[in-house]
Each structure stands twice: as structure tokens, then as C-alpha cells.
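*Asks:* This is the structure, below, for whatever I ask next.
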Amino acid sequence: MKTFKLATALVASVALPSVAFATDLEVTHWWTSGGEAAAVAELAKAFDASGDKWVDGAIAGGGGTARPIMISRITGGDPMGATQFNHGQQALELVEAGLMLDLTDVAEAEGWKEKVFPQSLLDSCTVDGRIYCAPVNIHSPEWLWLSNKAYADAGLPVPANWNEFVESAPQLEAAGKIPLALGNQPWQSNLAFGAISIAVAGLDVWKEVNVEKNMDMAAGAEYAAVFQAVADARSLAAKSTVQDWNQATNLVITGEAGGQIMGDWAQGEFQVAGQVAGTDYTCLPGLGLNAYLSTGGDAFYFPKNKSADIEAAQKRLAALLVSPEAQVAFNLKKGSLPIRGDVDLAAANDCMKKGLELLAQGNLVPSGDMAWSPDVQKQNEDLLVEFWKTDMAPEAAHAQWVSNLKSGL
Ligand code: BGC
């Protein structure tokens, strides 16, 4: 063992000249589930191998818990070296306040404009023509994950879409299963609502409301039907009492629940549990009704620091995150798609292949975080968790939702 350590130390010291500025960089993120931890470990490993040191700053409890902590550290003068946010407007105020490092020189040197696909990912890093974040993945929230075991136990075929899922729910329940796994973190309720809304109302209506901001359509019959569909689905999740999203995924993995509406990060959990897409579980993008991807996901921002060494390390990390090697290693474990098309994904599983196909077809919409401010998103999370978890009338929830959207115009 000692010999091994010595050998490793020698190799490291031989490698040192190219990394004369090796620097510790604290990186904050909310990737704490099994699949997430496996994926982020790939980034840490690559950064450490380059000579710098990834000091992991995982924050448990999900994005809703982590983001306020990250933001208050940055505004309070205790910046980390790098931090995760979702694509979109979550860090906009911090950029506008001059608290984030400008990465335009890295982006130009690395050719991000030519390489990042879709361009909307780089657009959401860009403020007044300057680039402030390094996109690391595309995550689409609107997937239905089904347990093949749960349906086999109940003697039922695995549903091919949301409508079949709802139709077979009573029989699944009679077989002692929870039809729909749903955790208690408010963002999960908003996510499930968003997925059902595209499935029920269709892509055109969704775009008209969320991209064109047509508030008459938001208040109209199409979305009334969406709120009714969610009200009908509430009872399917009544026995799902877990808190975190990955605990809900675990109900699907074990076959206690039929399905879960969740982002493709759920794939990381199935993978860690040794399950095989198509055999043990089934994934349906757009809930099997409107197959598309919304191009949400994660980007890293680099809060300004006083040290020139740290700034140099921040730029090295930004370049590394977008590099083909890091993109492949990280995204294969994360369940997300890479942000560049020129990488080798031969090892992609069936679900990832479905995502890659949709990406190639250009069947894309912006994510909720791109379309709406963090404030509107938060109001809707609070509303939708109440709607899913109580017997709030669909009409009342609909009216409140329209007023939340209007507050963001
Ligand atoms: C992030 C994912 C993460 C998920 C659950 C999302 O906001 O984009 O990377 O896996 O939250 O933690």
C-alpha cells in the first residue's frame, strides 16, 4: 500500500510542471442523490486530474434549499469558486449586480459559440453580449418513468402514455401499488404540473402561454382542462408520502409505485440501482403524448473573487466543464444530454437515445426557468404544492396561477 502511495506521489510530482498554479476551488451544487453524486464525482475527478483541486460543497435538500444559501453567500461577500444554477434567469440579478466573473475570453478561446447546441443554452448565459456561465448539460423535466415490475405484478401491460397510465391506475391500486410517486418538495409539484400541461394542452398552447405570454389563453379553456387533469391525478399520488424526488424514484425502482413524472436526472438513480432501460423500467418523454424536450439543465457560474489565482482556476474549470471528455463522462452518469453535438455517446442507454433523437429533430422548447423569473417560479411552486396536496378547487388554483404569471410580465 505504501509503495502504491509513493508511486502515485511520484507520478503527481512529475505532472506538476504543467499545473504550476494548482488551486483549491470550492464548488457548490445540489447533487446529493446516488446518481447525482456519481455524476458530479466525474467532474471532480477530471478537475483534480488536471492539477487543480475540486473542494466539494454539496448542499442537501434540492435546488429550492440550496439556491438561497448560494445566493446569500455570494451577496454576503463569501463567494465560492464555482456554483451550479439552472439554465435561465436564476443568476441574472447576481450577474447584473456585477458579482459574477465574465467568461467571454474562455468562451472565445474554446469556441463555445460554434460548439454549444442548442444555442439557447449559451444565450441564457449571456447578458449584454458577455458570457457568464458554462453550460454542462440539458435536462428535460417532462418524462414519465414507469416500473415494469409494478405492472407485471398487477398483470397489466406497461402504459404507453399518460392517458393509459391514468386509465390503468385503479387496477394498479387494487394490486396494492401507489399509482403515482410524488415527493413533497414544492418544485416537484410544479414540474409534474408543467409536464401534464404540455401533455394535455399541447405544445402550441404551452408556447403561446409561456413564450408569447398570451394571458387570455392562460386563463382560457385549454388550461382549465389542465387544472382539471391535475385535480383528477391528485388521488393517484395520495399514498406517496416521501419527501425527496429520489425517494419517489426509489418507489418506482422497487415496484411499489407504477410511475413518477420526473426529469431525466431520474435515470441516474435507475442506473445506480443496476436497472436497465426497456427491461426494468420504461421512460416516456413528453409523457408519451407530445414527445419533445425542454432545454433546461445546469450551468456553472463563477462568483468574482479577489485572488488572481482563483480567477485563473475558475477559468480553467469553466473550460474543462465544456470539454468533450468531461461532457461524456458526466452526462452518461447524470442522465442528461451533452451541450455539444460533437461527442461520442455510443454508450448511451435507451432513454438517453430517445433524448438524443428529440434533440437532433429539434423538438425543443425553453424550460420554465428560461421562460419565467425565479419569483414567478417560486409563487407557482407554492401554489402547485398546495393544489397537489390538498383538495383546492381547480378553478381557484387556475385563477391564482394566471395572476402569478401576470405578476412576472
Ligand atoms: C437539476 C438537476 C438535478 C435535479 C434534482 C434540477 O434542478 O437541473 O441536475 O438532478 O434538480 O436535484
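*Asks:* Considering (1) closer than 21 Å to LYS333 by Cβ; (2) in the same structural domain as LEU356 (by TED's automatic domain parsing); (3) within 16 Å of the ligand (Cβ to nearest atom), say which one LEU317 fails and leave the rest.
*Replies:* (3)
*Asks:* While we're on this one: Among the numbered conditions (1) in a helix (DSSP H, G or I); (2) more than 15 Å from the ligand (Cβ to nearest atom); (3) buried (at least 16 other Cβ atoms within 10 Å of the Cβ), tell me where ASP48 comes up short.
*Replies:* (3)
*Asks:* Would you point out which residue out of ALA181, ALA195 is closer than 24 Å to LEU356 by Cα and in contact with a strand residue (DSSP E or B) (Cβ under 7 Å, 6 or more places away or on another chain)?
*Replies:* Numbers: ALA181 fails: closer than 24 Å to LEU356 by Cα.
Only one candidate passes the filter, namely ALA195.
*Asks:* Test VAL200 against the stated conditions and say whether it is modelled with pLDDT of 95 or more, part of a helix (DSSP H, G or I) and buried (at least 19 other Cβ atoms within 10 Å of the Cβ). So that I can check it myself, show each step before the final result.
*Replies:* On the way: modelled with pLDDT of 95 or more: no; part of a helix (DSSP H, G or I): yes; buried (at least 19 other Cβ atoms within 10 Å of the Cβ): yes.
So VAL200 fails the test.
*Asks:* Further question: Of the conditions (1) within 16 Å of the ligand (Cβ to nearest atom); (2) closer than 24 Å to ASN290 by Cβ, ALA326 satisfies every one except a single condition; which number is it?
*Replies:* All conditions are met except number (2).
*Asks:* Among the numbered criteria (1) touching a Ser or Thr at 6+ places or on another chain (Cβ under 7 Å); (2) more than 16 Å from the ligand (Cβ to nearest atom), which single criterion is violated by ASP342?
*Replies:* For ASP342, the exception is condition (1).
*Asks:* Please find, within region 240-283, the residue that is nearest to the ligand (Cβ to nearest atom) out of those that are closer than 16 Å to HIS139 by Cβ and open to solvent by 10 Å² or more (accessible area, probe 1.4 Å). Write out each step before concluding.
*Replies:* Kept after step one, since they are closer than 16 Å to HIS139 by Cβ, are these residues of region 240-283: 245-246, 249, 260-271, 283.
Now narrow it down to the ones that are open to solvent by 10 Å² or more (accessible area, probe 1.4 Å): 245-246, 265, 269, 271.
On the way: TRP245: 6, ASN246: 8, TRP265: 3, GLU269: 10, GLN271: 13 Å.
It comes out as TRP265.
*Asks:* Among the aliphatic types (A, V, I, L, M) and more than 22 Å from ASP48 (Cβ to Cβ): does that describe LEU317? Spell out the reasoning first.
*Replies:* On the way: among the aliphatic types (A, V, I, L, M): yes; more than 22 Å from ASP48 (Cβ to Cβ): no.
So LEU317 fails the test.
*Asks:* From the list VAL158, VAL136, exactly one residue is in contact (Cβ under 8 Å) with a residue 24 or more places away in the chain and within 16 Å of the ligand (Cβ to nearest atom). Which is it?
*Replies:* Details: VAL158 fails: within 16 Å of the ligand (Cβ to nearest atom).
After ruling out the rest, the residue left standing is VAL136.
*Asks:* Looking at LYS333, is it within 16 Å of the ligand (Cβ to nearest atom) and open to solvent by 20 Å² or more (accessible area, probe 1.4 Å)? Lay out the reasoning, then the answer.
*Replies:* Working: within 16 Å of the ligand (Cβ to nearest atom): yes; open to solvent by 20 Å² or more (accessible area, probe 1.4 Å): yes.
Answer is yes for this residue.
*Asks:* Which condition breaks for LYS354 when tested against (1) touching a Pro at 6+ places or on another chain (Cβ under 7 Å); (2) among the basic types (Lys, Arg); (3) within 16 Å of the ligand (Cβ to nearest atom)?
*Replies:* (3)
*Asks:* Next question, about the same structure. List the helices (runs of 4 or more DSSP H) inside region 57-175, counting only whole elements, that have at least 1 residues being over 22 Å from the mean Cα position of the chain (by Cα). Write out each step before concluding.
*Replies:* Details: elements: 63-75, 92-96, 104-110, 112-115, 120-123, 148-153, 162-174.
Filter on region 57-175 gives 63-75, 92-96, 104-110, 112-115, 148-153, 162-174.
The values are calculated or read from the model by the stated rules, or taken from the named source; none is laboratory data. Nothing here was measured: the structure is a model prediction, and the numbers come from that model. Backbone-built Cβ (ideal geometry, glycine too); neighbour counts: all protein chains shown. Each accessible area value is taken on the protein alone, full model and side chains, heavy atoms only, with ligands, DNA and RNA left out. Shrake-Rupley method; radii C 1.70, N 1.55, O 1.52, S 1.80 Å.
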